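Any read-out appearing in this document is the output of simple, stated calculations on the displayed coordinates, not a laboratory observation. No experiment lies behind these values; they were computed from the predicted model shown. Methodologically, a virtual Cβ is constructed for each residue, glycine included, from the backbone with ideal geometry; neighbour enumeration extends over all protein chains shown.
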Ligand SMILES: Nc1ncnc2c1ncn2[C@@H]1O[C@H](COP(=O)(O)OP(=O)(O)O)[C@@H](O)[C@H]1O
Ligand SMILES: [Mg+2]
């Protein structure tokens, strides 16, 4: 009984909306595009936020990364030729960090080397990183072939190397290269594995992004001096760097920021000239997340305004409809309709209008998102909550903007309404 | 709830829901008395001026009677009918219908009261143009909460009674004035109200169709409906047994057929 009554009310509402098809359709269009815009904008925001998260997750949210850096003053001064610049992180820094902070699980030092590397006929300058096996555990990466570096390789100072995908590509080495040797300068290294570069979508910087090969750090230290000659715009520059990077893994995510602060204090003490950088992916993650949220809700607000305009359109039409149907309202009231029944009659119409518009909008929204992705390459993700939110808002708009005209209709004096023409 | 029996055979046909508070006890105790007006006044304020549309009306109407209200334009006929129809509230005085003091009812109760006790017939028919004949007749049943199937069927029976059984799916605009007014009569009867109120029901009709409508009202009155009709035409008023003449908001005189 109750449901059949609702059904009849709905039918009545739909029927009276269909009486003015063009008008109802145009009114609905406001909601369709309002909801569509909301869904599409949330999709853009969500896409941006997921991209930022993925990029930073690739760096490991429990990690802290210290990087050697030539500070700005020195860089300017290095205009004076053939001067050896010594800067950056030391093995001592790594040890100090490991020994000072209980919350630190492990530390991984890395050392960069650039060498011409030969494989068969092929040669290329590779960016080689000397590191420890822990490197491969801090940031998970796919092994394409073979294996990664193990503790025994380090202990035995083995002449082995792990190529990254990019390194393998430079040497035109396929997976059958495993077990064969590449020559780095005068030295031979056995290739034990190929790993996939850890990349973030959209090509953000990751620890692997500029690495072609890994070798044990003790081998690197033994064979290659800390001195590196760099050719830059006609002049030679020599720089001496002990460690290029120190990766610090913290046991518990909760302690990442306090450890980072401690490291920062320690480093200012031992490196007063500031020849290092401390990068905390987690902090960046937080900032990126906050940034993405602001971005998302800004877009949402803009879209919501168009929905508001759609709602005002509905109200406008319903007010006109109430005026047009004043006499009908008078007749219904004279027959015995209660005020609430008149309110319900008009509310059903606006809600049907806005909900239908909302439903179509949830189809239009993802379509707009797809078009945005197609046209601009911006990632978009339509999350379920945005659909529910949009439908909910459109229903609410129907009720909020329909209520005033409906109440106005119900409050008409039946006698006056009956006389209206 | 029972189907309103049509044609109504007993003036006291009780289709009243007890929940409206109009007990049948009240009615039987006032045997025959249906409407009682005591010093009824309705004053309109037009700026600083006061218009006494009703200036103290005392009247008693019996069940099953046929009344005509006559009078010059502006004498208060419509105001009287609106108050009787519970569409308007008097400024002072009491109005009892079926023993119920109407002043005690709030807006919702008044709506319910109209729904169960009153049927309206207007000069300009007042059908809803976008609804079909059937849907127009069904309106009171919709608000009474009847199921769709039963109410559609009942609307068909009523349309037959007024001779429009073959026009159920037509819109009012496709009907002549006389036919529209017959639809309006059928609608007024749908909830089987004891009282029918008609404001110049033949005012927009030519004399032959007027005759048809009046014949319909005569028949309904013979079957027990109480009818109160405003008119300014003497020959139309002649159908009623009681003719109330109004002048400046008061009852001038009452003529009765013996
Ligand atoms: N809503 C109103 N506001 C002000 N004056 C009104 C209103 N309705 C009726 N009147 C006045 O009350 C008097 C009686 O009106 P009415 O009952 O319509 O008379 P009738 O139907 O006999 O022509 C008239 O003087 C009319 O101008
Ligand atoms: Mg009048």
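Select from B:34, B:87, B:54 the residue whose mean-square fluctuation is largest in a Gaussian network model of chain B (Cα-Cα springs shorter than 10 Å).
Most flexible of the set in this elastic network: B:87.
Between A:366, A:216, A:383, find the one with the highest GNM mean-square fluctuation for chain A; connect C-alpha pairs within less than 10 Å.
A:383
If you fit an axis through the alpha-carbon atoms of helix B:148-161 and take the longest principal axis of the Cα set of chain B, what angle between them do you get, 0 to 90°, nearest 10?
80 degrees
Kindly express, to the nearest 10 degrees and within the range 0 to 90, the angle between helix A:281-324's C-alpha long axis and the longest C-alpha principal axis of chain A.
10 degrees
Assuming R0 = 56 Å, can you tell me the calculated FRET efficiency for the pair residue A:8 and residue A:251, based on Cβ-Cβ distance, to the nearest 0.05?
Numbers: r = 66 Å, r/R0 = 1.17.
So, using R0 = 56 Å, E works out to roughly 0.30.
Once you wrap a convex hull around the alpha carbon atoms of region A:309-421, what is its projected area averaged over all directions, in nm²? Intermediate values should be presented prior to the final figure.
Values: hull surface 31.8 nm².
For region A:309-421, averaging the hull's shadow over all directions gives 8.0 nm².
What number do you get for region B:142-215 when its Cα radius of gyration is normalised by 2.2 N^0.38 Å, N = residues? Show your work: numbers first, answer last.
Numbers: Rg = 12.9 Å, N = 74, 2.2 N^0.38 = 11.3 Å.
In units of the globular-protein estimate, region B:142-215 measures up at 1.14.
Per-residue ellipticity at 222 nm for the protein assembly as shown, helices alone: DSSP H runs ≥ 4 residues times -39500 (n - 2.57), over residue total, nearest 500 deg cm²/dmol? Spell out each step's value before the answer.
Details: 22 runs with 317 residues, N = 679.
Mean residue ellipticity at 222 nm (helix-derived): -15000 deg cm²/dmol.
Only Cα pairs under 8 Å and at least 6 apart count here; give the relative contact order of chain B as a rounded whole percent. Kindly include the intermediate steps, with their values, before the conclusion.
Working: 491 pairs, mean separation 72.1, N = 258.
RCO, chain B: 28 percent.
When you count, for each residue, the other Cβ atoms within 10 Å and take the mean per peptide, how do B:192-198, A:288-294 rank with the highest first?
The most tightly packed comes first, giving B:192-198, A:288-294.
Helix B:107-117: angle to the longest alpha-carbon principal axis of chain B, degrees 0 to 90, nearest 10?
Tilt relative to chain B: about 60 degrees.
Summarise the partner chain shielding of A:12-21 as one whole number: the mean count of Cβ atoms from other chains within 10 Å of each residue's Cβ.
On the way: counts 3, 0, 0, 3, 2, 0, 0, 2, 0, 0.
Counting other chains' Cβ atoms within 10 Å and averaging over A:12-21 gives 1.
Tell me, A:170, A:15 in order of fewest to most beta-carbon neighbours within 10 Å? Please report the intermediate quantities before stating the final value.
On the way: A:170 20, A:15 13.
Exposure proxy ranking, most exposed first: A:15, A:170.
Rounded, prolate or oblate: which fits chain A when a ≥ b ≥ c are the square roots of the eigenvalues of the alpha-carbon gyration tensor, with rounded for a/c under 1.5 and prolate only if a/b beats b/c?
Numbers: a/c = 3.72, a/b = 3.11, b/c = 1.20.
Here chain A falls in the prolate category.
What is the average number of partner chain Cβ atoms found within 10 Å of a Cβ in A:378-389?
Details: counts 0, 0, 0, 0, 0, 0, 0, 0, 0, 0, 0, 0.
Mean inter-chain Cβ contacts per residue within 10 Å come to 0.
Counting DSSP beta bridges in chain B, what percent are antiparallel, to the nearest 5?
Numbers: 24 of 42 bridges.
Looking only at bridges with both residues in chain B, the antiparallel portion is about 55 percent.
Which whole number gives the average, over all residues in B:76-86, of C-beta atoms from other chains lying within 10 Å of the residue C-beta? Could you put the intermediate results ahead of the total?
Details: counts 0, 0, 2, 1, 0, 0, 4, 0, 0, 3, 3.
So the per-residue partner count for this stretch is 1.
Restricting things to alpha carbons, find the Rg to Rh ratio for region B:117-258 using the Kirkwood radius for Rh. Present the calculation step by step, with values, prior to reporting the outcome.
Details: Rg = 15.5 Å, Rh = 15.7 Å.
We get a ratio of 0.99 for region B:117-258.
Among A:154, A:403, A:22, determine the one that fluctuates most according to a GNM of chain A built with springs between C-alpha atoms less than 10 Å apart.
In this elastic network of chain A, the residue with the biggest mean-square fluctuation among A:154, A:403, A:22 is A:22.
Please compute the volume of the convex hull spanned by the alpha-carbon atoms of chain B and report it per residue in Å³. Let's see the in-between values first.
Numbers: hull volume 34.4 nm³, N = 258.
Spelled out: Cα convex hull of chain B, divided by residues, is 133 Å³.
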